[in-house]
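Participant: Mind looking over this structure? Questions follow.
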Amino acid sequence: MGRLGFSTTESARLLLLGVLVLSAVLAEQEGENLSGLSTNPDKAIFAVRENATTCLMVEFAVKFLVPYDVLALNGIDLITEQASFTLPRTAEIEGKCGLTESEIHISWKNNAYILRIYFSKEFRDKGAEVWKISRVQFVYDTSETSHFINAYNPGKHTASTHRLSALVTPAGRSYLCMAQQTITLISSDHQKGVTVSMYDIQIQPFDIASDFMFSTPYKCITDQREHLEEILPLILGLLLGLIIVIILAIYHFHLKLTASQPQLPRDRSMYKNM
């Protein structure tokens, strides 16, 4: 019988393949619900961890506005109602972390509701690397009667975004925003518009340096503008006070300068007669 043998190159390839397979097996990813750490009853905190290290973390409050059909009183026409509800802090978490693509799946009510948020990294002008929310998907079941009352033809629907570029943030930093950020999704239920509003937000899907700790925050433009509007009256008051002080100082200096100069008599005729 011939002996089965491998060349050095083939052995190296097999070893590399084994390492990649082992890495994929060992890279266990799990979701953790940390909402109990928040004192805000509306805010949820979720983390995705890989090999016992945080690789994605979101902290926000989320409100949904979902239109659905109900049968009118005449039993013929359909009218549109709005279901309004928030993301529960008791939701279950799953997620995936990658170098350029990450995602988090948040589900509740036995998967009657599933919110999926997808993140991606990209290079912008002048080589600047940023991350953003590239897609949002929301699955909801109108047969779930706690929010959908007397829904017509109840069932599951999926609402999704198209070509989304939201919460754009420099790489290596977290996105921080107190103001409400609203995203509109188009539903499979007759193209209805589903609104997902997030507020009191801090999110980081990549490059988390410390476990359960966000990196340096990048404040949203809305917060920066609101902060400027808050401090602008103070800045104007300080400038006005400074101008008044300068004017008074100039006036005081002028008085001292005038007082130190010799005063000549106004009627000089007395000098002509001498």
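The values are calculated or read from the model by the stated rules, or taken from the named source; none is laboratory data. It should be emphasised that the depicted structure is a prediction, and the values quoted were computed from it without experimental measurement. Cβ coordinates were reconstructed from backbone atoms using ideal geometry, including for glycine residues, and neighbour counts include every protein chain displayed. Accessible surface is based on the protein model in full, side chains and every heavy atom, while ligands, DNA and RNA are left aside. Shrake-Rupley method; radii C 1.70, N 1.55, O 1.52, S 1.80 Å.
Participant: Looking only at region 64-107, how many residues end up being open to solvent by 70 Å² or more (accessible area, probe 1.4 Å), within 28 Å of Gln29 (Cβ to Cβ) and in a strand (DSSP E or B)?
Facilitator: Total meeting the criteria: 5.
Participant: Kindly check whether there is at least one residue in region 129-150 that is more than 18 Å from the chain's Cα centre (by Cα), outside any loop (DSSP other than H, G, I, E, B) and among the small types (Gly, Ala, Ser).
Facilitator: No, there is no match, as no residue in region 129-150 is more than 18 Å from the chain's Cα centre (by Cα), outside any loop (DSSP other than H, G, I, E, B) and among the small types (Gly, Ala, Ser).
Participant: What about Thr216, is it in contact with a strand residue (DSSP E or B) (Cβ under 9 Å, 6 or more places away or on another chain), loosely packed, with under 14 Cβ neighbours inside 10 Å, among the hydroxyl-bearing types (Ser, Thr, Tyr) and under 26 Å from Glu50 (Cβ atoms)?
Facilitator: Yes, satisfied.
Participant: Here's something else I'd like to know. Identify all residues within region 36-52 that are over 25 Å from Leu99 (Cβ atoms), outside any loop (DSSP other than H, G, I, E, B) and over 17 Å from the mean Cα position of the chain (by Cα); write none if there are none.
Facilitator: Passing the criteria: Gly36, Leu37.
Participant: Still on this structure: For region 42-63, check the following and say yes or no: at least one residue is over 28 Å from Asp207 (Cβ atoms), at pLDDT 95 or above and of a type outside the set (D, E, K, R).
Facilitator: No - not one qualifying residue is present in region 42-63.
Participant: With the condition kept exactly as written, say whether any residue in region 43-58 is closer than 26 Å to Ala179 by Cβ and open to solvent by 40 Å² or more (accessible area, probe 1.4 Å).
Facilitator: No, the conditions are met nowhere in region 43-58.
Participant: Regarding Ala179, is this residue open to solvent by less than 30 Å² (accessible area, probe 1.4 Å), at negative phi and at pLDDT below 95?
Facilitator: yes
Participant: Looking for something closer than 24 Å to Ala47 by Cα, among the acidic types (Asp, Glu), surrounded by 14 or more Cβ atoms within 10 Å (Cβ to Cβ) and touching a strand residue (DSSP E or B) at 6+ places or on another chain (Cβ under 9 Å) - is there at least one such residue anywhere in region 134-155?
Facilitator: no
Participant: Ile250 versus (1) outside any helix (DSSP H, G or I); (2) at pLDDT below 90: which is the lone unmet condition?
Facilitator: (1)
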